[in-house]
Structure formats: C-alpha cells, structure tokens
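See below for the structure under consideration.
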Amino acid sequence: MYDTSDIRKGLKIMLDGSPYTVVEFQFVKPGKGAAFTRTKMKNLLTGAVLERNLRSGERLEPADVETKTMQYLYGDADSFIFMDTTTYDQVHIPKSTVGDQSAFMPENINVEILFFNGRAVDVSLPNFIEQKVVEADPGFRGDTATGATKPVKISTGASINVPLFISIGDVIKIDTRSGQYLERVGRA
Amino acid sequence: MAASPAALEARGRIRRAVRAWFEREGFLEVETPSRVRSPGQEVHLDAVPAGDGHWLVTSPEYHLKRLMAAGFPRVVEIARCWRANESGPHHAGEFTMVEWYRANAPLETLAADCEALIAVAIRAAGRDPAALGLAAPFARTTVRDLFARHAGIDLTGGEDPTTLAQAARAAGVAIGSAAAWDDIFYQVFLDRIEPALATAGPTFVFDWPAPLAALARPKPDDPLWVERFELYAGGLELANAFGELTDPVEQRRRFESEAAVRAARGKDVYPIDERLLAALHHLPPTAGIALGFDRLVMLALGVSDIGEVLAFRDA
C-alpha cells in the first residue's frame, strides 16, 4: 500500500475500482486541520481527469498497471498479435481494444500497450507515421475549387486525402490521431 | 522560486506600513521567545525540535497571552514561526506571522482591523483595494451557513463523528477512512467550502463548531459554537481569530485531550504550559488573531505561490 507521502507525478493508484495516474499534486492544509494532498489524477481506462483531496495518512492501493513497448506483427479474424520487444512473448489483443486507429497501424510498428491486472486495456500508436502510398488514381482530376485533394491508399488499407501531386510510391507523413495527411517526406 | 526584487521591495514597504498602522492604533510591539518548551499543542501542528527539550514556536500565542494577562491592553508581534512538514504553494516551513491581541474588545473589532490592514498593505504595494475587489466591508458568514449552502449539511456542532460521516457521505463527499470529527469536517471543507470561498470576495467565516474550539471561548448563548473567525481572501486563508478562552480549567482539559490524541497518533507530545494556565486567571476578556504576513504580501501582490514573496524559498 502507498500513503499520501508517496504521491508523485506518475504514481499509479486504484480509486473507486479504476486505475489512475497522478498528474499533479499540491500540499494543502486548512487552518487547524490535518494536512491533505490535493491530487489531480487521470483515469487510465477513460482518460477522465479527477481531483481529490487525500488526507495525510490515507492509504492508497497501488494499481497493477504496466506499459510495455510491443511490435505489431499481424491480424487474424478478431485479434491483433503483438510481440514484446524484449521477451519476444506474443499476445493476442481483441481488435475492439485497438479500435479505429488500427487503420494507421502498419505491420512491424512499435506501439505502447497498457496492461491493467495483466490484461491489455489500451494501445497507443506513435502520433505520426510515415507510409508509402500503394494505390492512387493517376488520372484523378480532383475538384480544384474545393481544396484540390484526392484519396489514396496506404499499406494498411486506410484511405487518406492528399494533395493532387502525390503519386504511388511517395512516402507521406500522417497524424494517427486525426488520420490527416501532413506532408510528403520522399519516394520509396 | 524566490521573490523578484520588486516583490521584495513591496514586502518591505508593506511591513513598514503594517508596523506604522499598529503604532497608530496604540499597540505595543513586542518580541517573545522563538525557542520554547511548550510549542502549540494542536493535534495537527508539529513543531521543529530545537535541542535540549526545546522546540521552535509554531505561533507566539502563549507568550503574548501571558503579556496580556500581565496587563498590557494591546500587543502585537511580527513573529517568525516554524512548522514541521509544511511546504506547498501557501505554506513555508519557516514563515512570518502577525499576531495581535486586544483586551476588552469583541471579535468584530479584529475583523475591522483586518479590513484596515489589508487596505494598508495593498496601498503600500502601490495598488488599489477596490480595483482588486478587496475593498471593505468584507462579507461575513458562518461555518454553519457555508455547510448548509455548499454541502447541504446541517452542521450542529454537537453531532458525533458517525453522524457527521453519514451526512458527508450522503452529500457525496468521499471521506476515505476519516473517522475523527475534525478529519471529516475538513474533508467536506476542502472539497466543498474552500472552492466556493476561493472564488468569492473576501469573507469572514464566524462561529466555529465546538470540536474545533482550540483556544476559543464558547459563545455565551450557544456552547456548541465558539467565538472564532477565519478570514479568506483571494483564495488564501489569511487569518484566524479567537475570542480567547480565559477559563484555566477548561483550557487544561483541552490541552490534556489534545495531548492524548497526539500520543494516540504517535506524535511528539509537548508539555502543558503551566505558566500560561496560571496566567489565564488574570487574563481580561481578550480577542486575539494571527495573520499570515507572507500571505498578506501574496494577496497585495496578487501572486499564488508563497515562494514569490520570500527572499529565499529554501533555507
């Protein structure tokens, strides 16, 4: 068990049945009362931020959470298979846990996986990936009046809107959070 | 973080202005010992050991009361105080307290003193109290009213801890493992009352419940509440005032009960100050107050971290 003197940024604790990570904390002490630690925490499952005044000496249950860097290998019917880059252990993670961002998860990419009580609960991709365009319509004229973009496909199968000058074989930088094209970084 | 040159200059001007104000009001400025055998007995204050059975004072209150009992009608001390394990945006382990006492004066006189001193401090900092939303008169309310308004709890001061815990839980306050009356009270206070006070204008909070009496006397018409106020302004807890308890029997009972709680919680237990208890026999009806000088400077300068008003944040 922890107590309030253990509180520091990044400490992982259980609160109301969910794992939280401490984001900010501050010593507070009302006039004639006990000391408290005003603690801002982020729910590791939902991302919701919560503030609690934890009384000095209050016991805090450590959260059994761990972040591992893993490499994405391949997908099967209902899961994605990742490999621990240090132990070479493989894990199957339901596609629903990865969610829509799998469109920007090319094979062999390293991701951060959050395990809670030994179970994968969240997969974080790098914010940016660089991918080769594998399909583009060379004759696509686009609608020059409204932004001059065209859809292309990258190796993951995702469709991205890019400027008209992009062609097959170009390597482009994509923001995985928004799915947006950022820039052309070269030719493969 | 330490004070800027401009903040230190303002602090010096505020200190001179505060001193001049007390002189105009007919106060005697005194100096009392910093190294004592009996520091504050309060359960939640821990003193810094100073060798040979001595401690650094957590507040000059005991000695100042002995001076009042000796017949001085108005005394003030700008005292350096030390408290163990206190460090945060509003707390420094070594800090400066302005503490003053008035014989034969009601608590309301001290509230008026605070309004005057805050205006003095803000003007000394070259600012305008009205422009900062700190013009007198300040709002006046009670603990009971705040609990009803912001937590929906009807505080009686006479409820047992279990009843208070139930009321707090029913109000949706997470009290954790708090079982003592004051711990439950302060959980509600921090979660619900302090955020409301932080955004309100300057406010005197009068009439504290008997379990938090400390050195205050019970209200003559309602002994479940005591004559005490706290002043909140600009998100800071600025001052605490008591209608001083002058009954040595009751004071001894409280000291012994606090010492027992300290012992039960494995804290240092300080000797009861017998000279203070003896002096209480001669203490006239007195109102006394402690105001955090560093926080007064913070308020006048509009800064949120105590480090911004201290020449040296870390000793």
Note on B:T142: of the conditions (1) closer than 30 Å to B:L283 by Cβ; (2) open to solvent by 50 Å² or more (accessible area, probe 1.4 Å); (3) at pLDDT 95 or above, unmet is (2)
By residue number, the members of region B:255-274 that are open to solvent by 10 Å² or more (accessible area, probe 1.4 Å) and touching a residue at least 60 places away in the same chain (Cβ under 8 Å) are B:E258, B:A259, B:V261, B:R265, B:K267, B:D268, B:P271, B:I272, B:D273
Is one or more of the residues making up region B:29-45 at pLDDT 95 or above, within 14 Å of chain A (Cβ to nearest Cβ) and open to solvent by less than 40 Å² (accessible area, probe 1.4 Å)? no
Selection from region B:181-212 of residues touching a residue at least 60 places away in the same chain (Cβ under 8 Å) and not aromatic (F, W, Y) yields B:D182, B:A200, B:G201, B:P202, B:T203, B:V205, B:D207, B:P209
The lone condition B:R15 fails out of (1) part of a loop (DSSP other than H, G, I, E, B); (2) under 28 Å from B:E308 (Cβ atoms); (3) at pLDDT 95 or above is (1)
query = Is it the case that region B:91-108 has a residue that's charged (D, E, K, R) and at pLDDT below 95?
reply = no
Considering residues that are open to solvent by less than 30 Å² (accessible area, probe 1.4 Å), more than 22 Å from A:G99 (Cβ to Cβ) and at pLDDT 90 or above, the number found within region A:124-149 is 1
Across region B:67-90, the tally of residues that are open to solvent by 20 Å² or more (accessible area, probe 1.4 Å) and either within 14 Å of chain A (Cβ to nearest Cβ) or acidic (D, E) (or both) stands at 6
Okay, helices (runs of 4 or more DSSP H) sitting entirely in region B:153-270 with 2 or more residues that are within 12 Å of chain A (Cβ to nearest Cβ), I get B:181-188, B:194-199, B:248-264
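The values are calculated or read from the model by the stated rules, or taken from the named source; none is laboratory data. Fair warning: this is a prediction, and the values are worked out from it, not measured in the lab. Neighbour counts run over all protein chains shown; Cβ positions are idealised from the backbone, glycine included. Remember, those area values only see protein heavy atoms, side chains included, never the ligands or the DNA or RNA. Shrake-Rupley method; radii C 1.70, N 1.55, O 1.52, S 1.80 Å.
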